[in-house]
Amino acid sequence: MANDPIKTEYDDQLLRINEVSKLTTLSKSSINLWVAQDRFPKPINLSKTVKVWRLRDVRDWAERMQEIHA
């Protein structure tokens, strides 16, 4: 669905870890572990204490997981 206007409109939205956790149903510790293991997209570091993920990156990861486990 490359031409889906909703998908492209929000692709660059930045998500904090709590939002990523709710979206993926993964715990925050699992997200951090999987990032360290290269099993989840790396966040963007806005500062030493603030990490965010692009919605597009999380969505792409979820779609790949669905394809792998289908």
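The values are calculated or read from the model by the stated rules, or taken from the named source; none is laboratory data. What you are looking at is a predicted structure, and each value in this text was computed from that prediction instead of being measured. Quick reminder, even Gly has a Cβ in these numbers, built from the backbone with ideal geometry, and neighbours come from all protein chains shown. Surface areas here come from the heavy atoms of the whole protein model, side chains and all, with no ligands, DNA or RNA. Shrake-Rupley method; radii C 1.70, N 1.55, O 1.52, S 1.80 Å.
So, for the chain, what is the accessible surface per residue at a probe of 1.4 Å, expressed in square angstrom?
Numbers: 5260 Å² over 70 residues.
Accessible area per residue, the chain: 75 Å².
Place a +1 charge on the Cβ of each Lys and Arg in the chain and a -1 charge on the Cβ of each Asp and Glu, then give the dipole magnitude about the Cα centre in debye, rounded to the nearest 20. Before the final figure, lay out each step's value.
On the way: 12 positive and 10 negative charges, 86 e Å.
Approximately 420 debye in magnitude.
Rounded to the nearest 500 deg cm²/dmol, what is the calculated helix-only ellipticity per residue at 222 nm for the chain, with -39500 (n - 2.57) per DSSP H run of length n ≥ 4?
Numbers: 4 runs with 36 residues, N = 70.
Value at 222 nm, helices only: -14500 deg cm²/dmol.
For F40, which sequence-distant residues (separation of 5 or more, or a different chain) have an amide H within less than 5 Å of its own amide H, given hydrogens modelled in the peptide plane?
Under 5 Å from the amide H of F40: V35.
Would you mind telling me the share, in percent, of accessible area of the chain contributed by carbon and sulfur at probe 1.4 angstrom?
Details: 2780 of 5260 Å².
Here it works out to 53 percent.
What distance in nm separates the two pseudo spin-label positions at M65 and V50, each 7 Å out from Cα along the beta-carbon direction?
About 2.6 nm, to one decimal.
For the chain, compute Rh as the Kirkwood radius over C-alpha pairs and then the Stokes-Einstein diffusion coefficient at 10 °C and 1.306 mPa s; write the answer in µm²/s, rounded to an integer. Walk me through the numbers on the way to the answer.
On the way: Rh = 12.7 Å.
Answer from the Stokes-Einstein relation: 125 µm²/s.
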